[in-house]
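The values are calculated or read from the model by the stated rules, or taken from the named source; none is laboratory data. This is a predicted model, so every value here is computed, not measured. Note: ideal-geometry Cβ built from the backbone for every residue, glycine included; neighbour counts use all protein chains shown. Quick note on the areas: whole protein, heavy atoms, side chains included, nothing else; ligands and nucleic acids left out. Shrake-Rupley method; radii C 1.70, N 1.55, O 1.52, S 1.80 Å.
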Amino acid sequence: LFLSLPFPLSIILWTSTGHDMPPCFMNDAWKVDEIDTWTKDGDLIVATGAKSGTTWMLYCTHQIRTKGADLDDELFPDVMITTPWPDLRQSRAGNWAEQKDRYNTTILPDGRPMKDLWDHPSYPFRIFKSHYAPPELPVRKKGGKKIKYMAMARNGIDVAASMTTFYSSHTDTFRNLWGGFPPNIEESSFNSEEPPAAVKDILPNGVLRFVYFDYIKKWWEYRNEPNVIMLHYSDIRRDLKGGVKKIAEFLEVDLNPTQLEVITERCGIEHMRKVNKFLHRMPLNTDGKGLWDAEKDHFIKNGSFVKKGGIGTGGLILSDKVVAQWKKAEEDEFGHNPALLKWAREGGDFPSE
């Protein structure tokens, strides 16, 4: 009922009645008594931070598992199909139990079963997306399925700037499903003296603080676990080939020099922008009735998702005052651990224990 109301009343009522933000998120798939019912040994959870290279890593790990052989992206029609996102509630009244079933039974518009693309028999491992961190993601040292996790952080000011433009990249059809969230942010207000709505949301006192500050602090404690690879966006951008090689080694995929070259090229921003497989369709949606056409609708505007992905460019978008406010928040949240603060901002090697 609340989500059919206009924004911001919809979200005020949604949050004031104890619901989590954002309204399209759910973590039921990852609960300890649920995760082993649908995962398999060897599965990879790409649990990168929001606006920290998630789609990039989903596409890149798919290239690694196919050793660059899926040259025409026959197995990758859209990122939401080949690398599913269990966090995302695809229908307004959807729940994990219903969506879990539909992952296995949905037939795509081209006649192919969706399951054949995310659970293809040729894959050495399956790939799923998440934006959660432990304990919402149960990274277990013993017991349960043998799952691998990829975490990735990014310079916070770059995340804040990217999140600001990301809010405006959603289609109105998607917003209408979720009470007008996320709101559109006019470009003229990106560098205002007050933090744009997206930045307010992810600051420590915001409704989405888990997106950045909580995310980094939680994953930091797991950075040395053998089934976790914790990366920094800046490091991979500076050395993509080295990053591909490191990820492949973590995934136990042997690449010859030719395969490494092909995959590195396909993981580059220019190639990803050209193939445009990242509209984020929601094939499991059952709303219908003018709310969503599962065959045609997508929640990211065409051409707006794969951008330049720069390092240190956030300060060119946000105002100096907002940048200073963000840096102060970083010092408050991470300053007790100078190594963590430095790594969160810059990447590089982890400190020696």
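Give me a comma-separated list of calculated 3J(HN,Hα) values for the stretch 64-73, in order, Karplus coefficients 6.51, -1.76, 1.60 applied at θ = phi - 60°, integers in Hz, x for any Gly or Pro.
Residue by residue, the stretch 64-73 yields 5, 5, 9, 6, x, 7, 7, 5, 9, 6 Hz.
Roughly how many nanometres apart are two label points built 7 Å out from the Cα toward the Cβ at Asp36 and Glu225?
Each label point is offset 7 Å from its Cα along the Cβ direction, giving 1.6 nm.
Just subtract the alpha-carbon distance of Asp254 and Lys301 from 0.36 nm times their residue separation and send over the number in nm, one decimal.
Difference between extended and current length: 13.3 nm.
Just to be sure I understand: with springs between alpha-carbon atoms less than 10 Å apart, which residue in Trp326, Trp118, Trp38 has the highest mean-square fluctuation in the Gaussian network model of the chain?
Its mean-square fluctuation being the largest, the pick is Trp38.
Share of Cα-Cα pairs in the chain beyond 39 Å, in percent?
Value for the chain: 10 percent of Cα pairs lie more than 39 Å apart.
So what's the back-of-envelope 222 nm ellipticity for the chain, counting only DSSP H runs of four-plus at -39500 (n - 2.57) apiece and dividing by all residues, rounded to 500?
Theoretical 222 nm ellipticity from helices: -10000 deg cm²/dmol.
Over 20 Å between C-alpha atoms is what I'm after, so list which of Lys51/Lys301; Lys67/Lys245; Lys148/Lys218; Lys31/Lys218; Lys40/Lys100; Lys218/Lys301 land there.
Lys218/Lys301
With +1 on the Cβ of every Lys and Arg and -1 on the Cβ of every Asp and Glu, and nothing else charged, how large is the dipole of the chain about its Cα centre, in debye rounded to the nearest 20?
It works out to roughly 220 debye.
Compute the Cα gyration tensor for the stretch 131-215, then decide on rounded, prolate or oblate, letting a ≥ b ≥ c be the square roots of its eigenvalues: rounded whenever a/c is under 1.5, prolate when a/b is larger than b/c in the other cases, and oblate in all that remain. The partial results should precede the final answer.
On the way: a/c = 2.74, a/b = 1.84, b/c = 1.49.
Prolate is the answer for the stretch 131-215, as a/c is 1.5 or above and a/b outweighs b/c.
What is the extension gain from Asp172 to Glu194, computed as 0.36 nm multiplied by their sequence separation minus the C-alpha to C-alpha distance, in nm to one decimal? Before the final figure, lay out the partial values.
Working: separation 22, 0.36 × 22 = 7.92 nm, distance 2.50 nm.
Here the segment from Asp172 to Glu194 would lengthen by 5.4 nm.
Given a 10 angstrom Cα cut-off, can you work out which residue in Ser122, Ser169, Ser192 is the most mobile in a GNM of the chain?
The residue with the greatest mean-square fluctuation here is Ser122.
With every protein chain kept in the model, how would you rank His19, His298 by accessible area, 1.4 Å probe, largest at the top? Don't skip to the end; give the middle numbers.
Values: His19 80, His298 40 Å².
Ranking His19, His298 by accessible area, largest first, yields His19, His298.
Using 1/(1 + (r/R0)^6) with R0 = 30 angstrom and r between the beta carbons of Leu13 and Ala97, what's the FRET efficiency to the nearest 0.05?
0.75
Explain nothing, just compute: Karplus ³J(HN,Hα) = 6.51 cos²θ - 1.76 cosθ + 1.60, θ = phi - 60°, for every residue of the stretch 116-125 in order, whole Hz, x for Gly and Pro.
Working through the residues one at a time gives 5, 9, 9, 10, 5, x, 7, 6, x, 7 Hz.
If contacts are Cα pairs under 8 angstrom and at least 6 residues apart, what is the relative contact order of the stretch 186-344 in percent?
That works out to 25 percent.
Within the stretch 210-288, which GluC sites (Glu not before Pro) sit in a loop by DSSP and count at most 13 neighbouring Cβ atoms inside 10 Å?
Glu221, Glu252
Taking the chain as a Gaussian network, Cα atoms linked when under 10 Å apart, which of Trp219, Trp343, Trp292 shows the biggest mean-square fluctuation?
Maximum fluctuation in the GNM of the chain, among the listed residues, is at Trp343.
Pulled fully out, how much extra length does the chain show between Phe25 and Asn276, if you take 0.36 nm times their separation in residues and subtract their Cα-Cα distance?
87.9 nm
Show the residues, 5+ positions off or on another chain, whose built amide H is closer than 5 Å to the amide H of Trp85.
HN-HN under 5 Å from Trp85: Lys129.
Enumerate the amide H contacts of Val228 below 5 Å, restricted to partners 5 or more residues apart or on another chain; note that Pro and chain-start residues carry no placed amide H.
Tyr149
Amide H to amide H, which residues 5 or more places from Thr171 or on other chains are under 5 Å from it, using H placed in the peptide plane?
Those qualifying (amide H under 5 Å, at least 5 residues apart or on another chain) are Ile300, Lys301.
When DSSP assigns beta bridges and you keep just the ones with both residues in the chain, what percent turn out antiparallel, to the nearest 5?
Working: 5 of 16 bridges.
About 30 percent, rounded to the nearest 5.
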